[in-house]
Amino acid sequence: MNQPTKTCVLALDQGTTSSRAILFDKAGRLIAKAQQEFPQHVRSFLHAGVATDGSGEDRGIVEHDPEDIWQSQIDCARRVLVESGIDARQVAAVGITNQRETTILWERATGQPVAPAIVWQSRISTPICTRLKASDLESEVRRRTGLLLDPYFSASKIVYLLETIPGLRQRCLSGEILFGTVDSFLIWRLTGGRVHATDPTNACRTLLFDIEQMGWSDALCDIFDVPRALLPEVRPSSGSFGEVDPRWFGVAIPIAGCAGDQQAAAFAQGCTQAGKAKNTYGTGAFLLFSTGAQPVTSSNGLLTTLGCAVGTEPAAVGKSSAASCEPHYALEGSVFIGGAIVGWLRDGLGIIEQAGDIEALAASVDSSGGVVLVPALTGLGAPYWDPFARGLIIGISRATTQSHIARAALESIALSVADVALSMQQDAGMGLQRLRVDGGACVNNLLLQMQADVLGLPVERPVVLETTALGAALLAGIAVGFFSGSAAVDEARQVERVFEPAIGETSRRKLMQTWHTAIERCRDWARPS
């Protein structure tokens, strides 16, 4: 029987609150998608008997059931094929993109998790990081990884599991247990336990990967006391990760792309050359600024991270090592509260019924009327890194209305992003010509116009807002020859609209000065006395 023509690539987009499966055609157009939410398990330090980090706050523990992650993802993949009417034999390759840093340990023999997945948001390993900082190890860790010594990343989460599950360390040393971020767990399951692998964009978020040597670091494993036997092989982001076992879709399909969510989005946005940047508007806001072949150490508390690594051989030839790839570096900055401030206006203040109402309400006035909102609901991220800052609304008068507060909320997102973008340009020693954007909040035209105004730069919105999944699809399709190399990124990335700055330099400077004054008013507010 003749094989059907390969017509699409399947992207598996495993996120923090839901799993998605999306099919893309040869032009990078979205054919069909399926999405499924899964449960979040949140506990408090106090209820779990874990010491807090000394800030006087109970920051909480966030976990997922790895089986929920797996089941929701495989169900979405099967559903998108059925609902689109596409035969699995028409799928050229599978690409995977995922929530980063989330930590899973499972049994090599059975594939069964030995504990809940510790989610990137969880602060359960804060005492471990505090202990390591007290030993003056942070500078060495940062030099090798580009990261801060923080429970956000995977290594301290592994240590927590090793220290709290009886007998686990010995099982790890004997090779019975495997570690992976979500991508590795999915690859293991999809391949029927044949492949234990990850890519550089996920490996570099573990605090165990040397971003200049492009490999796992014995020195870092010693610092954290993590057995090397746990760690997956690191392969190029665009390359072979084995084949999907036929039991899942009825046919073997190459897994040929893998990248963490933010790097996958940056790849789809064409941010592979120094000086190009993207911002993803989600719960927070996540900026990646490409610095090219050289890592840049930030003076503003930004992270140094790796971009996607494209292999030099077709995926069909076989696996290759990430160490053989030319590394590509970026600066990364995170704004903790982005779109979440709109959710707070809805759920906390009740001034809108649904998130989509914010644009019309904010647009009903031509300015915020002097109101400034600083969305430091969980402290301030880059470039301030103040866990004791708290949210603030200032400038309220008798004339203030809900519309002014709504407009100030949107401005706060744009101003927060502008702060990080400015810090990135200072650190990189190069200017930004335009900002490429994606994420759910990109449908808000007023927000993107504000962003262009406060940056003084054009802001580009693509036709396909599902850039994270598109990045995974492009990485996989390039590896198997379905897409025409790097040119495919330019072909797939179509700009839907460009927002040009509409205010002058004087107005822009005044906005930023007022914003920075408000920032200083909210800083250090919750520090214990």
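A compact table of results
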| read-out | value |
| --- | --- |
| Test result for Pro127, more than 20 Å from Gly193 (Cα to Cα), without any contact (Cβ under 8 Å) to a residue 12 or more places away in the chain and out of contact with any helix residue (DSSP H, G or I) (no Cβ under 7 Å at 6 or more places or on another chain) | no |
| Every residue from segment 298-327 that is open to solvent by 30 Å² or more (accessible area, probe 1.4 Å), part of a loop (DSSP other than H, G, I, E, B) and either modelled with pLDDT of 90 or more or touching a Leu at 6+ places or on another chain (Cβ under 8 Å) (or both) | Pro327 |
| Residue, least open to solvent (accessible area, probe 1.4 Å), within segment 145-195, restricted to residues that are among the basic types (Lys, Arg) and outside any loop (DSSP other than H, G, I, E, B) | Lys157 |
| Segment 238-260, subset more than 15 Å from Ala476 (Cα to Cα) and among the aromatic types (Phe, Trp, Tyr), residue surrounded by the most Cβ atoms within 10 Å (Cβ to Cβ) | Phe249 |
| Residue that is surrounded by the fewest Cβ atoms within 10 Å (Cβ to Cβ) [pool: residues in segment 196-207 that are not polar (S, T, N, Q) and not in a loop (DSSP other than H, G, I, E, B)] | Ala197 |
| Qualifying position, being over 23 Å from the mean Cα position of the chain (by Cα) and modelled with pLDDT under 95, among Arg131, Arg143 | Arg131 |
| Answer from Ile96, Ile69, Ile124 - the residue that is touching a strand residue (DSSP E or B) at 6+ places or on another chain (Cβ under 7 Å), part of a strand (DSSP E or B) and either open to solvent by less than 20 Å² (accessible area, probe 1.4 Å) or basic (Lys, Arg) (or both) | Ile96 |
| Unmet requirement for Ala488, which otherwise passes all of (1) in contact with a strand residue (DSSP E or B) (Cβ under 7 Å, 6 or more places away or on another chain); (2) open to solvent by less than 10 Å² (accessible area, probe 1.4 Å) | (1) |
| Residues that are open to solvent by less than 40 Å² (accessible area, probe 1.4 Å) and under 29 Å from the mean Cα position of the chain (by Cα), drawn from segment 348-376 | Ile352, Ile358, Ala362, Val372, Leu373, Val374, Pro375, Ala376 |
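The values are calculated or read from the model by the stated rules, or taken from the named source; none is laboratory data. Fair warning: this is a prediction, and the values are worked out from it, not measured in the lab. Cβ: placed from backbone, ideal geometry, glycine included. Neighbour counts: every protein chain shown. Surface accessibility is based on the protein's heavy atoms, side chains included, excluding ligands, DNA and RNA. Shrake-Rupley method; radii C 1.70, N 1.55, O 1.52, S 1.80 Å.
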